[in-house]
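Engineer: I'd like to ask some things about the structure below.
The values are calculated or read from the model by the stated rules, or taken from the named source; none is laboratory data. Note that this is a predicted model, so its numbers are computed, not measured. Reconstructed Cβ throughout: ideal geometry from the backbone, glycine too, with neighbour counts over all protein chains shown.
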Amino acid sequence: MKKLRQIAIAITFCFSLMPLITFGKNIFIQNENLEPIKGASVTTYNNQMDSLGHFMSAEDGLCNILITQTTTNLIIEHPEYSSRLVNLSSSFNDTITLMKNSVSLKEIVVNGDLMTQHLTHQSYKIPLTSMEKYSNFFQSLNEIPNLVVLGSGALFYEGNQNVVLLLNGVETTQIELSSLSKDDIKNVDIYQTPPARFASQGAASVINVITKSSLTGGNISINANQSFYPLKGDNSMAMFYNYKRSRFSLIFNNENQHYRKYSLDEQLNYSHDNTTYEKIKEGQDSKSHNDENNLSLSFQNNKADSYLYNLNIGAGINHEKLTLAQNVISQQNETPLSATNNLSTGFKKIWVANYFEKNLGKESHSGIILGNVKWQRLFSNYTSSYKEFDSHNLPNINVGSNYKIRYDAIFCEAQYEFPSYSWGQLSIDAYNTYKYSKYLDYESPIFQKNNNFGTSIQLIGRKRKIIYQIEMGIRGYHTSSSSIEKSYNMWIPSPSIGIYYAPKRNLQFRINYDYIGDIPTIADLSETNQWIDTKLVYHGNSTLKPYKKHDLYITGVTNNKYLNLSLKLGYSYSPDRICNYFIDTENYVLETIVNLKHYSVLSSQLDFTIKPLGKNVWTIWSRVIGAKVHGRGENYKWDGYRFQWMMNSRINLKKWTFEIFYQYPGKIAEGQLIRPRAECWSIGALYRPIKDLSLGIDWFMPFGKSFNESERTVGSAIVQNFSQIRIKDRANMISVSLSWNFSFGKNQNRATPQFDNGDADSGLLKK
């Protein structure tokens, strides 16, 4: 009996090891002419489409792959051939034939086939071979339909830029996603209907990057883009280390911008006290410096299907200095004058952020509680001066302002997600943000307290091909300040409704309605004078009130092998929107901020990506925005228009990427100001000599004379003002880039298993 028991235990032990049993298998990869294919990529996957290993075919077309008990699928890829998905559960032939890209097969793998539709989101698997076409993981998000990442780092999803980025459910940045090892990525989840905690922030969508669990070792990443004349760059260095359930990260980034040929041209025409002031200010080459450095340290502990804790501590420092020189031609003076405009600003900040997530059960569909607490302290300073000198170099205008700000802010949030069922998912959310600011200057020191709070309940459900989202909440705003006699409070309901209809896999329609509110900042409320001209002053408005806004959008999205397209029609209405306004006062003409009586925007937006070759080898992306804006104040009204157009074309070859970008100088109307969008263009090339290393060069505005940004007032304004910033040394600007990701503490031979700890090689997740 004892012997039988020992045998049973041995058999049980052997079966328990079955998932770890690995055997080698040779497969032969050929083309339709029965010729061997060298350099074909073979990736093994389990049922959940987690990648288990990565292999390459030799010159004779043979590829030795490792297959475990959990291996169910193979994806075979090559740049010159159509990709194939092979299911090992079916009859498996050792010889696999790949067809040229021009041939269509049922087994061809496209991005849509690597997408799983869930109730609340879409989950994408990006094959490793696809990611390796890009300089870093963040850029590889271009593989997801209707998601565009430009070479500059700008991200658009279905035409929206207000996208929240998450890493394992925790808010993150582009810098951190760019630094991730491509081997560590499990999947990318996209929430077209944001969860309640992000919907309340006005997010259009959420992108959550999920890394594999049970990772070992770490990686060091460098992402640099730097121009040396002028000095302009965006550089970061990151280090990640994984140990059992814990993940440590250290990230440093630097942004620098030093111009030597920076100038400001202005044309002014206004009247005050029966005197007309007309000036032409010709900008002279001046210096503009801006430097910012940030350092953050993070710790994350994660147990799958149980809990996640993330701690982030960071600090940042910024300094900006601008010294402008101008020649002034004035109606009041026969000879040209000279002027200087000096601006110096800076800030220091520190923060501590905690995030906690706990599954309240052992099953995957159990309820989840989320918690988020962040504290931030910021010190800032502002110094400005404007001087005009007569022909004897004596100042006839000498004005300026000087102030400092210190604020403490704390953000707290809690959310509970009820267990999900086939009919839908319910969640409740509550948050509170408290901010205390001290605003110190030589004229009117003030303090301000802001307390924003709210709660909401959100239901996401499904009825056949329709997914609906209903959210009902209430938000409260309390503001008190020494600059206003009476504090004010505002309570507003915050309903949100979204309907998502997908008649086909690659065709979706959405309609969204939101009712939101916002409060003015302390800078908006400050009435510290900032002199623009002899009798022209700018300051905020202490009587500003919070404003409300209704948003209604209809979106249609489609994608196929050759085209991704998104069309959005929208209408926005705000009865008390905050906008710029000019007022003639007793002592001067004032540019300030007021609450309008009516503000509406009727808009349309078209985003599309053309793929002429049927893959992401060559992509052409374009965005067109048109809008009509109507505003009405106390005794005036205006109509404005908005137009924007930009395009980007990218060619991805085996080791090279070429990119070109163009932005048309459209215009944007905001209150009594019209801000034409700057015209700019660029070309770039990227070379990947080895895995995880890329070298690039970018030429910004080749053959251009200067980079220009301008602003002007509408014709009905009492001040006619045109200003234009010219940066000569930004035209013909050449920058170089480096992206390098080095792994350590991992087995770099992906074809060699490690049985001692049950993990697959390279630290990949072992199911």
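Engineer: Among the residues of segment 61-82 satisfying the criterion of being modelled with pLDDT of 85 or more and within 10 Å of Ile37 (Cβ to Cβ), which is farthest from the chain's Cα centre (by Cα)?
Structural biologist: Among residues in segment 61-82 that are modelled with pLDDT of 85 or more and within 10 Å of Ile37 (Cβ to Cβ), the one farthest from the chain's Cα centre (by Cα) is Gly61.
Engineer: Output the residues belonging to segment 516-564 that are among the β-branched types (Val, Ile, Thr) and assigned to a strand (DSSP E or B).
Structural biologist: Correct list: Ile516, Ile532, Val537, Ile554, Thr555, Val557, Thr558.
Engineer: Now a separate question. As an exercise: evaluate Asp305 against (1) of a type outside the set (S, T, N, Q); (2) surrounded by fewer than 19 Cβ atoms within 10 Å (Cβ to Cβ); (3) in a strand (DSSP E or B) and give the number of the one condition it does not meet.
Structural biologist: The one condition Asp305 does not meet is (3).
Engineer: Are any of the residues in segment 634-643 at pLDDT 90 or above and either among the aromatic types (Phe, Trp, Tyr) or in contact with a strand residue (DSSP E or B) (Cβ under 7 Å, 6 or more places away or on another chain) (or both)?
Structural biologist: No, there is no match, as no residue in segment 634-643 is at pLDDT 90 or above and either among the aromatic types (Phe, Trp, Tyr) or in contact with a strand residue (DSSP E or B) (Cβ under 7 Å, 6 or more places away or on another chain) (or both).
Engineer: Still on this model: Kindly establish whether Ser249 is under 28 Å from Gln376 (Cα atoms), among the hydroxyl-bearing types (Ser, Thr, Tyr), crowded, with 20+ Cβ neighbours inside 10 Å and under 28 Å from the mean Cα position of the chain (by Cα).
Structural biologist: For Ser249, the condition - under 28 Å from Gln376 (Cα atoms), among the hydroxyl-bearing types (Ser, Thr, Tyr), crowded, with 20+ Cβ neighbours inside 10 Å and under 28 Å from the mean Cα position of the chain (by Cα) - is met.
Engineer: Identify all residues within segment 83-101 that are under 16 Å from Phe28 (Cβ atoms), modelled with pLDDT of 75 or more and hydrophobic (A, V, I, L, M, F, W, C); write none if there are none.
Structural biologist: Matches in segment 83-101: Val86, Ile96, Leu98, Met99.
Engineer: So, one more: Are any of the residues in segment 443-456 part of a strand (DSSP E or B), crowded, with 16+ Cβ neighbours inside 10 Å and of a type in the set (Val, Ile, Thr)?
Structural biologist: Yes - at least one qualifying residue is present in segment 443-456.
Yes/no per residue for (1) more than 19 Å from Trp656 (Cα to Cα); (2) touching a Phe, Trp or Tyr at 6+ places or on another chain (Cβ under 8 Å):
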| position | (1), (2) |
| --- | --- |
| Thr129 | no, no |
| Lys133 | no, no |
| Asn142 | no, yes |
| Pro145 | yes, no |
| Val149 | no, yes |
| Asn160 | yes, no |
| Thr173 | yes, no |
| Val188 | yes, yes |
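Engineer: So how many residues does segment 462-509 have that are within 30 Å of Leu563 (Cβ to Cβ), assigned to a strand (DSSP E or B) and among the polar types (S, T, N, Q)?
Structural biologist: Result for segment 462-509: 2.
Engineer: Just to verify a result, which residue in segment 189-208, among those that are aliphatic (A, V, I, L, M) and in a loop (DSSP other than H, G, I, E, B), is modelled with the highest pLDDT?
Structural biologist: Ala204
Engineer: Can you go through Ile251, Ile280 and tell me which one is over 30 Å from Leu590 (Cβ atoms) and of a type outside the set (Lys, Arg)?
Structural biologist: Result of the check over Ile251, Ile280: Ile251.
Engineer: Another question, then. Out of the residues in segment 654-699 meeting the condition of being among the hydrophobic types (A, V, I, L, M, F, W, C) and in contact (Cβ under 8 Å) with a residue 60 or more places away in the chain, tell me which one is nearest to Ile725 (Cα to Cα).
Structural biologist: If we take residues in segment 654-699 being among the hydrophobic types (A, V, I, L, M, F, W, C) and in contact (Cβ under 8 Å) with a residue 60 or more places away in the chain, then Leu673 is nearest to Ile725 (Cα to Cα).
Engineer: In segment 396-410, which residues are surrounded by 13 or more Cβ atoms within 10 Å (Cβ to Cβ) and free of Cβ contacts under 8 Å to residues at least 60 places away in the same chain?
Structural biologist: Asn396, Asn402, Lys404, Arg406, Asp408, Ala409, Ile410
Engineer: Among the residues of segment 665-698, which ones are aromatic (Phe, Trp, Tyr) and surrounded by fewer than 17 Cβ atoms within 10 Å (Cβ to Cβ)?
Structural biologist: Tyr687
Engineer: Counting just the residues of segment 636-695 that are of a type in the set (S, T, N, Q) and more than 20 Å from Ser604 (Cβ to Cβ), which one comes out nearest to the chain's Cα centre (by Cα)?
Structural biologist: In this case the residue turns out to be Asn648.
Engineer: Can you pull out every residue in segment 209-249 that is of a type in the set (D, E, K, R), farther than 19 Å from Leu165 by Cβ and part of a strand (DSSP E or B)?
Structural biologist: Lys232 - this is the single residue of segment 209-249 that is of a type in the set (D, E, K, R), farther than 19 Å from Leu165 by Cβ and part of a strand (DSSP E or B).
Engineer: Go through Thr340, Thr345 for me and flag whichever is in contact with a strand residue (DSSP E or B) (Cβ under 6 Å, 6 or more places away or on another chain), in a strand (DSSP E or B), of a type in the set (Val, Ile, Thr) and crowded, with 16+ Cβ neighbours inside 10 Å.
Structural biologist: Answer to the check: Thr340.
Engineer: Pick from segment 343-379 the residues that are at pLDDT 90 or above and of a type in the set (Val, Ile, Thr): which of them is farthest from Asn318 (Cα to Cα)?
Structural biologist: Looking at the filtered set, the residue picked out is Val373.
Engineer: Can I ask one more? Go through segment 102-139 residue by residue and tally those that are assigned to a helix (DSSP H, G or I) and either among the aliphatic types (A, V, I, L, M) or at pLDDT below 85 (or both).
Structural biologist: Matching residues across segment 102-139 total 8.
Engineer: With (1) modelled with pLDDT under 90; (2) under 28 Å from Gly715 (Cα atoms) as the list, and Asp265 as the residue in question, which single condition is left unmet?
Structural biologist: Status for Asp265: all satisfied but (1).
Engineer: Another one. Would you mind telling me which numbered condition in (1) surrounded by fewer than 16 Cβ atoms within 10 Å (Cβ to Cβ); (2) out of contact with any Lys or Arg (no Cβ under 7 Å at 6 or more places or on another chain) Asp285 fails?
Structural biologist: Condition not satisfied by Asp285: (2).
Engineer: In the set Tyr421, Tyr431, which member is among the aromatic types (Phe, Trp, Tyr) and buried (at least 17 other Cβ atoms within 10 Å of the Cβ)?
Structural biologist: Every option except Tyr431 fails the conditions.
Engineer: Condition (residue is in contact with a Phe, Trp or Tyr (Cβ under 6 Å, 6 or more places away or on another chain), charged (D, E, K, R) and farther than 30 Å from Tyr468 by Cβ) applied to segment 201-212: is it met by at least one residue?
Structural biologist: Looking through segment 201-212, none of the residues is in contact with a Phe, Trp or Tyr (Cβ under 6 Å, 6 or more places away or on another chain), charged (D, E, K, R) and farther than 30 Å from Tyr468 by Cβ.
Engineer: Sticking with this one: Going by the structure shown, is Ile317 within 30 Å of Met733 (Cα to Cα), of a type outside the set (Phe, Trp, Tyr) and in contact (Cβ under 8 Å) with a residue 40 or more places away in the chain?
Structural biologist: no
Engineer: Moving to a separate point now. Can you confirm whether Ser178 is without any contact (Cβ under 8 Å) to a residue 60 or more places away in the chain and either more than 18 Å from Ser566 (Cα to Cα) or part of a strand (DSSP E or B) (or both)?
Structural biologist: When the stated conditions are applied, Ser178 does not pass them.
Engineer: Suppose we filter segment 38-48 for residues that are under 19 Å from Met115 (Cα atoms) and either surrounded by fewer than 18 Cβ atoms within 10 Å (Cβ to Cβ) or at pLDDT 80 or above (or both); how many remain?
Structural biologist: Looking only at that region, the number is 4.
Engineer: Only residues that are closer than 30 Å to Asp524 by Cβ, buried (at least 18 other Cβ atoms within 10 Å of the Cβ) and touching an Asp or Glu at 6+ places or on another chain (Cβ under 8 Å): list them for segment 557-582, please.
Structural biologist: Hits for segment 557-582 are Lys568, Ser572, Ile578, Cys579, Tyr581, Phe582.
Engineer: Still on this model: Let me confirm something: among Ser286, Ser263, which residue is within 17 Å of Tyr386 (Cβ to Cβ), free of Cβ contacts under 8 Å to residues at least 40 places away in the same chain and not aliphatic (A, V, I, L, M)?
Structural biologist: Ser286
Engineer: Can you pull out the residues in segment 691-708 that are at pLDDT below 90 and of a type in the set (Asp, Glu)?
Structural biologist: Within segment 691-708, just Asp692 meets the criteria.
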